[in-house]
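The values are calculated or read from the model by the stated rules, or taken from the named source; none is laboratory data. Model, not experiment: these values are computed from the prediction. Using ideal geometry, Cβ is built from the backbone for each residue, glycine included, and neighbour counts are taken over all protein chains shown. To get the accessible areas, we keep the full protein, side chains included, count just its heavy atoms, and leave off ligands, DNA and RNA. Shrake-Rupley method; radii C 1.70, N 1.55, O 1.52, S 1.80 Å.
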Amino acid sequence: MVGLGAMPGYGIQSMLKEGHKHLSGLEEAVLKNIDACRELSAITRTSLGPNGMNKMVINHLDKLFVTNDAATIVNELEVQHPAAKILVLAGRAQQEEIGDGANLTISFAGELLEKAEELIRMGLHPSEIIIGYTKAINKTVEILEDLVEKGSENMDVRNKEEVVLRMRSAVASKQFGQEDILCPLVADACMQVCPKNPANFNVDNVRVAKLLGGGLHNSSVVRGMVLKNDAVGSIKRVEKAKIAVFAGGVDTSATETKGTVLIHSAEQLENYAKTEEAKVEELIKAVADSGAKVIVSGAAVGDMALHFCERYKLMVLKISSKFELRRFCRTTGAIALLKLSQPNVDELGYADSVSVEEIGGVRVTVVKNEEGGNSVATVVLRGSTDSILDDLERAVDDGVNTYKSMCRDSRIIPGAAATEIELARRLKEFSLKETGLDQYAIAKFAESFEMVPRTLAENAGLSAMEIISSLYAEHAGGNTKAGIDLEEGACKDVSIMKIWDLYVTKFFALKYSADAACTVLRVDQIIMAKPAGGPRRDAQPGMDED
């Protein structure tokens, strides 16, 4: 019986490797998971809405983020807990799908789980809660269809007023008070690059150039690109230029094969140097003869080559980033050539003007393409600090993503928590008609919607209870468009305040959060293996996640 002495405990201990963790049952697994998710949603919740507070997040690389954009916050937090991770993934899915509403997804899922905890303490089984929640989300989707504003499904995506109307709430939630400056900028940029069939709108075609200095009111939209570097030579401005793009760099290239040259006399040495010069001159002349006025190089520009470019009055730009080079080719319609040679006419690009301008002490090259199908527009943002600029960029990104969503589905529903209160009211009525235990779950689902007006009111420093009760009163009176006016702290009609949300944003946010909440509730045991050994390798400093 010696062998048995080495066997550790009984049951699950003897089955798994030592060092594992095993949590099971309601108390240990379900409620702990709910607790972790509640903590996460408590972090994002205070940043919900236009009056949301900013968070200062410093990630593992010591990079500082000051933002109220939930997607950025949860991405940089590096959440460890497996259940809270599910909420993070739901928020990320929303951010990638729609570009706005990540905060609603995470906060609402947290609220649903909090209510689920109350139900579990009342004695309901998690599976009954899940059935109730599933019924509730299906009913919610039906009600959402009802709340869509009449006539909003067909919209002209090139009509600036309609675009700004739908974009306002997404931008205002990131940069409250600036939306009247930002929205027209973003709308202009999007409308310039919108293809014939708006469903093919590509978000990548709206670029953002962040330049320090000035204020937001100095921002502008450039049709074409803004490169953050100076021209290489002395020629700083060219109008109506044809452009040749060389991906491999403009320089004398060493030959592919290695060879040894024996030089006997001084004349031969002189001739050797001269032929190299003549060769470069010949290549540059060939480019100049093809009609090109601007050479764009993807790598280094040799001194000798630059000398001849100057002589032939060619402007030289250097774009070291591969992706930027591709975008440049897209803007100008050029084809990037691998090595320095005479380009054909169809390989040349065209730009109305290429000029070097000085903005706030930074020299930038502006490539403009006013006429015709230009496919890139750049929003030039100005601000006093890097963190402000980053935050402005996030607001612009949200605006552009909203534009993409509205190109596919332009239906709108009332914003300012009007939709949520109406959903809560109708779901409560629905829960009273249900029999069985899931009616409690549906009622709690309905209550969870109050989180949105409550949070909006609290973040604006208003009394939440008064606002919610007066909202309910308005809605019960049949005014389904009554929302919160945060500035006056009273209820007002949404169509007067012009606060509309996109239907798809709400639809996906609620769907994702209900899915995430149900996923967390379905877990009844957590079994964690012992973490793999070996020394921890920290990420190299200065490395970016790209």
Being assigned to a helix (DSSP H, G or I) and either open to solvent by 30 Å² or more (accessible area, probe 1.4 Å) or touching a Phe, Trp or Tyr at 6+ places or on another chain (Cβ under 8 Å) (or both) narrows it down to one of Ala83, Ala42, so name that one. Ala42
Could you please let me know if Glu39 is out of contact with any Cys (no Cβ under 8 Å at 6 or more places or on another chain), without any contact (Cβ under 8 Å) to a residue 12 or more places away in the chain and among the acidic types (Asp, Glu)? no
Which residues, taken from the range 205-247, are open to solvent by 20 Å² or more (accessible area, probe 1.4 Å) and part of a strand (DSSP E or B)? Arg207, Val208, Lys210, Leu212, Gly213, Ser220, Val221, Arg223, Arg237, Glu239, Lys240, Lys242
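Results for (1) touching a strand residue (DSSP E or B) at 6+ places or on another chain (Cβ under 6 Å); (2) closer than 26 Å to Ile496 by Cβ; (3) of a type in the set (Ser, Thr, Tyr), shown as yes or no for each residue.
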| site | (1), (2), (3) |
| --- | --- |
| Glu149 | yes, yes, no |
| Met167 | no, yes, no |
| Gly177 | no, yes, no |
| Ala187 | no, yes, no |
| Val193 | yes, no, no |
| Ala199 | no, no, no |
| Lys210 | yes, no, no |
Picking from Asn59, Asn33, the residue that is in contact with a helix residue (DSSP H, G or I) (Cβ under 6 Å, 6 or more places away or on another chain), exposed (fewer than 15 other Cβ atoms within 10 Å of the Cβ) and either at negative phi or at pLDDT 85 or above (or both) would be Asn59
Please enumerate the residues belonging to the range 312-343 that are touching a helix residue (DSSP H, G or I) at 6+ places or on another chain (Cβ under 8 Å), surrounded by 16 or more Cβ atoms within 10 Å (Cβ to Cβ) and among the small types (Gly, Ala, Ser). Ala334, Ala336
Selection within the range 279-304 - more than 13 Å from Phe246 (Cα to Cα) and in a helix (DSSP H, G or I): Lys279, Val280, Glu281, Glu282, Lys285, Ala286, Ala288, Asp289, Asp303, Met304
Which condition number does Glu488 fail, the rest of (1) farther than 15 Å from Ile421 by Cα; (2) open to solvent by 50 Å² or more (accessible area, probe 1.4 Å); (3) in contact with a Pro (Cβ under 6 Å, 6 or more places away or on another chain) being met? (3)
Hey, Asp398 of a type in the set (Asp, Glu) and under 22 Å from the mean Cα position of the chain (by Cα) or not: yes
Quick count over the range 430-485, residues being β-branched (Val, Ile, Thr), under 20 Å from Asp146 (Cα atoms) and more than 29 Å from the chain's Cα centre (by Cα), is 2
Please name all residue pairs, on different chains or six or more residues apart, with Cβ atoms under 9 Å, provided the first residue is in the range 272-294 and is hydroxyl-bearing (Ser, Thr, Tyr) and the second residue is surrounded by 14 or more Cβ atoms within 10 Å (Cβ to Cβ). Ser290/Lys242; Ser290/Ala244; Ser290/Gln342; Ser290/Pro343; Ser290/Glu347; Ser290/Leu348
Any chance you could count how many residues in the range 457-495 are of a type in the set (Val, Ile, Thr) and modelled with pLDDT of 85 or more? 3
Mind checking which pairs have a first residue in the range 303-321 that is in the same structural domain as Arg237 (by the TED database) and a second that is among the aromatic types (Phe, Trp, Tyr), Cβ under 9 Å, 6 or more apart or different chains? Leu314/Phe308; Leu317/Phe328; Ile319/Phe328
The one condition in (1) in the same structural domain as Val452 (by the TED database); (2) of a type outside the set (Lys, Arg); (3) under 19 Å from Leu510 (Cβ atoms) that Ser127 fails to fulfil: (3)
Restricting attention to the range 117-169, and to residues there that are touching a helix residue (DSSP H, G or I) at 6+ places or on another chain (Cβ under 9 Å) and small (Gly, Ala, Ser), which single residue is nearest to Ala424 (Cα to Cα)? Ala136
Take Ala336 and decide whether it is under 13 Å from Val245 (Cα atoms) and out of contact with any strand residue (DSSP E or B) (no Cβ under 6 Å at 6 or more places or on another chain). no
Specify the residue that is most open to solvent (accessible area, probe 1.4 Å); the eligible residues are those in the range 105-134 that are among the aliphatic types (A, V, I, L, M) and farther than 18 Å from Glu39 by Cβ. Met122
Which pairs do you get when a residue that is part of a loop (DSSP other than H, G, I, E, B), found in the range 155-174, comes within reach of a residue that is among the basic types (Lys, Arg), reach meaning Cβ atoms under 8 angstrom, with the pair 6+ apart or on two chains? Met155/Arg166; Lys174/Arg394
Search the range 135-153 for residues being open to solvent by 60 Å² or more (accessible area, probe 1.4 Å) and under 27 Å from Arg408 (Cβ atoms), and hand back the single one that is modelled with the lowest pLDDT. Glu153
What is the one condition in (1) open to solvent by 80 Å² or more (accessible area, probe 1.4 Å); (2) outside any strand (DSSP E or B) that Cys309 does not satisfy? (1)
Candidate set: the range 55-68, residues that are within 17 Å of the chain's Cα centre (by Cα) and not β-branched (Val, Ile, Thr); chosen: the one farthest from Arg454 (Cα to Cα): Phe65
Provide a single number: the residues in the range 486-516 that are more than 32 Å from the chain's Cα centre (by Cα) and among the hydroxyl-bearing types (Ser, Thr, Tyr). 0
Residues (under 26 Å from Ser321 (Cβ atoms) and either of a type in the set (Val, Ile, Thr) or open to solvent by less than 50 Å² (accessible area, probe 1.4 Å) (or both)) located in the range 289-304: Ser290, Ala292, Val294, Ile295, Val296, Ser297, Gly298, Ala299, Val301, Gly302
